[in-house]
Every structure is written in structure tokens, then in C-alpha cells.
Amino acid sequence: MLMRSRARRRSAPALPAAQHAGAEHPPLRVLLPRGLAALARESGIGAAIRHQEKAVRSLGHEVVTDPLGPFDVVHLNTPFPDTLLLALWARLRRRPTLVWAHSTEDDFRDSFPGSNRLAPLFRRWIALLYRRGDAVVTPSEYSRQLISAPKYGLRAPIRVLSNGVDTGFFRPDPTARQRLRDSLGLPPEATVVISVGMQLRRKGILDWVEVARRMPEVTFVWYGRTDPRLLTAEVERSLAGAPANALFPGYVQAEQLREAYCGADAFCFLTKEETEGIVLWEALACGVPALVRGIPLYREAMPDGVLTHQVAGDGPEFPGRAAARLRALLDGELEDLTAAGRRAAEGVDLEQVAKRLREIYRLAGVRPVRGVRSGA
């Protein structure tokens, strides 16, 4: 019965999306609920939610956070239990639901203790959530291919929309070099390589520490943290045994992160699985040379030598090969790709994301609803 109801609603003629305030239609009230989403504040999903808020406001729409108040469309982003309740509430209110597919079974693996055993169950759970959407939004063509697999059972349209990057905020700043070294207590000539993310095996932290061990003349700085209760034993051992040239300042605010990107000599992102990777876009926007692991997403979307330099593979030989490639990058032996990286980041600037979001609203039939009948 619910499936037939959903099908009827999706087959209705698309209504025009709201435009800027003062246009023919009033602005949309876009529900971006807080709830358990606050738990994801320091993650990529938290950054994606903040980007959505900026994109929505740039279109002239209003961001609302109270699901008990009036709203015209809801954005759901997290894999937490309240997401299912919010989707059911939106259906009861007859409001369109857009579900962001940030997570997959693949990128849940190698994350937290027991995550590999729980991955199939996690996939069933997120598939249930994604099926609650009138449209599913995912950040890359690669992730669209993953969630299009029959095991997810999705029937709603799947739209690709980058999480984007604020290229007005994340931009090159040569003066940041000295400030970064001062903040770390390093001499002006120090070579600094950074990475950003939660401290997870999937994020490549084990290999990153081993690369740092092979390059004692370079200072490696990892920004970001994971609740110690959620660290796997192997990550705990790696952090405890990290060499002296590996620093872990923890989670920092966006301004400090921008200083790090702009002041670093290289960004070394050895993640093993991503649906997009906002931090890579931030690094490219700031004009820092980037070395990444050649995972399928990056091999397809940005082949080696186009926007980033890449090191393929895994296993015990990987850190040595990554260290050699990184050393060549730092020594200027590899092509300078920073201008191309900046241009690519501008292509997913939040202004461009907002334009594509407006089209997704149109395709989903999102419209402002006012009056007594709507309960507004």
C-alpha cells in the first residue's frame, strides 16, 4: 500500500521549485533537523549538512530545524534511528523527503570495532532508510553505482550531487605557511605533510603512520579525532607507537584547518574507501599538492596525474611505495597539479551545488505549501 502511494506521488506532474524570496512563489522552508545529527558534527556528514544549509540559504530559502513546525521538504543525512522516524513523520505530513546516501556498506567496513561483522546488517539498515526517500541524493557517480546494486533495493530516483566546497573560504593563502609552523612549534624551514579525518583504519591512518616512520625528516600532522571508545585495538596501538614526527592535534575549527591546508607542503590522504571525501576538495581548493590512495572513486573521477598524484594498492609494501611517491612530490619531481585542482574545486563550489539542488527540488516536485490546509 505504501509503495503504491509513493509511486502515485512520484508520478504526479513536477511542480516548479521555489525561487528566491520575492519571486512568484514564497521561499521554501527546508527542514534540516538537528536531533541525533549532532553526533556527526565532526564527521564528513556533519560538514555535508553545513554545506547544505549554506546552499539552501543561497537559493533564498529558509532553513528550519523543528520537525514539529511548518516545513515544505526535509533533508535527511544520517544513519541514526531518528532518521526513520523523521521520514515517517514527513510522509504523514505529505512532505517530500530527500535522503542523502553518504554511507555504503563498503565505507562502513574497517571503521569501528566489529564493523566488518556488522557491515551486512548496516547495509540493510541504510537501505531501509534510503527507501524512505522520494529521491535519494548521493555525492558521486561511484557511490550511485554502489547503492544501485539490487541488494539495496532502491526504486526512487538517485540523483548525484557533490557535497561541495566553499571555495571562497578555502582558498590559497601563501602567508599561512609561517603561521602553521609557528602554531606547531616548528622552524620556518620545516616540511609539513597533513591529513584530515577520523582516526579509522578505513581512513588509512595505519599506513599514514608507517609513511611518517619512513620519513623522519618530515613533520606529519593528522587533524581530526575519534572517540577513544570507538577506536579499534590496531588503531590504538598505531597511535600509541607513532613516531615523534607524527602529530595529532585532534579536531580543529574550520579556520585552523584552512591554515593547515594552505601552510602545508602536501596533503597525504590514504583513505581506502570514500563516497566523495570533502577534505580532498578542501585541500585542492587551497592549492596544496595532494597524494591520495588510488581507490576506485579517485581512479575514475580524477585519474592519476590529473588533479592528484596517486599510489595504488594495499598491504605491507604500500607504505614504502607511498613514502617514495610522497618524497618525489615534495622534491618537485612530480608535475604541479595545484592549478588544475583549484579549478576542479571551483566546479563543485557551493554556488554550483545550490544550482543543482534547485533542479533536484524541481524534479522531486518540491513546492512551498502555505495556508490552513497544509497545517502551516
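The values are calculated or read from the model by the stated rules, or taken from the named source; none is laboratory data. Fair warning: this is a prediction, and the values are worked out from it, not measured in the lab. Cβ placement follows ideal geometry from the backbone for every residue including glycine, while neighbour counts extend to all protein chains displayed.
What the table shows:
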| quantity | calculated |
| --- | --- |
| Segment 124-134: number of residues that are surrounded by fewer than 20 Cβ atoms within 10 Å (Cβ to Cβ) and touching a residue at least 24 places away in the same chain (Cβ under 8 Å) | 4 |
| Selection status of Trp222, in a helix (DSSP H, G or I), in contact with a Ser or Thr (Cβ under 9 Å, 6 or more places away or on another chain) and surrounded by 24 or more Cβ atoms within 10 Å (Cβ to Cβ) | no |
| Single residue of segment 232-248 satisfying the filter (touching a residue at least 60 places away in the same chain (Cβ under 8 Å) and of a type outside the set (S, T, N, Q)) that is surrounded by the fewest Cβ atoms within 10 Å (Cβ to Cβ) | Ala233 |
| Qualifying positions in segment 76-97 - assigned to a loop (DSSP other than H, G, I, E, B) and touching a helix residue (DSSP H, G or I) at 6+ places or on another chain (Cβ under 6 Å) | Asn77, Thr78, Pro79, Phe80 |
| Selected residue [without any contact (Cβ under 8 Å) to a residue 24 or more places away in the chain, surrounded by fewer than 15 Cβ atoms within 10 Å (Cβ to Cβ) and in a helix (DSSP H, G or I)] from Glu189, Glu255 | Glu255 |
| Entirely in segment 264-376, the helices (runs of 4 or more DSSP H) that have 3 or more residues that are more than 30 Å from Arg94 (Cβ to Cβ) and touching a Leu at 6+ places or on another chain (Cβ under 8 Å) | 318-330, 338-347 |
| Where Leu230 falls short, out of the listed (1) in contact with a strand residue (DSSP E or B) (Cβ under 8 Å, 6 or more places away or on another chain); (2) modelled with pLDDT under 95; (3) of a type in the set (A, V, I, L, M, F, W, C) | (1) |
| Segment 300-311, subset at pLDDT below 95 and surrounded by fewer than 20 Cβ atoms within 10 Å (Cβ to Cβ), residue nearest to the chain's Cα centre (by Cα) | Ala301 |
| Residues within segment 116-168 that are among the aliphatic types (A, V, I, L, M) and touching a strand residue (DSSP E or B) at 6+ places or on another chain (Cβ under 9 Å), tallied | 12 |
| Glu217 vs. criteria free of Cβ contacts under 8 Å to residues at least 24 places away in the same chain, farther than 27 Å from Gly114 by Cα and either among the acidic types (Asp, Glu) or out of contact with any helix residue (DSSP H, G or I) (no Cβ under 7 Å at 6 or more places or on another chain) (or both) | no |
| Pairs where the first residue, in segment 57-77, is at negative phi and the second is outside any strand (DSSP E or B) and among the polar types (S, T, N, Q), C-beta under 6 Å, 6+ apart | His75/Gln52; Leu76/Thr83 |
| Residue selected from segment 157-182 under the condition of a type in the set (Gly, Ala, Ser) and either touching a helix residue (DSSP H, G or I) at 6+ places or on another chain (Cβ under 7 Å) or modelled with pLDDT under 95 (or both), by the criterion surrounded by the fewest Cβ atoms within 10 Å (Cβ to Cβ) | Ala176 |
| Residue among Pro120, Pro150 that alone is within 29 Å of Leu230 (Cα to Cα), more than 21 Å from the chain's Cα centre (by Cα) and surrounded by fewer than 20 Cβ atoms within 10 Å (Cβ to Cβ) | Pro120 |
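Yes or no, residue by residue, for (1) modelled with pLDDT of 95 or more; (2) in a helix (DSSP H, G or I):
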site	(1), (2)
Val99	yes, no
His102	yes, no
Pro113	no, no
Arg123	yes, yes
Leu128	yes, yes
Arg132	yes, no
Val136	yes, no
Arg144	yes, yes
Lys151	yes, yes
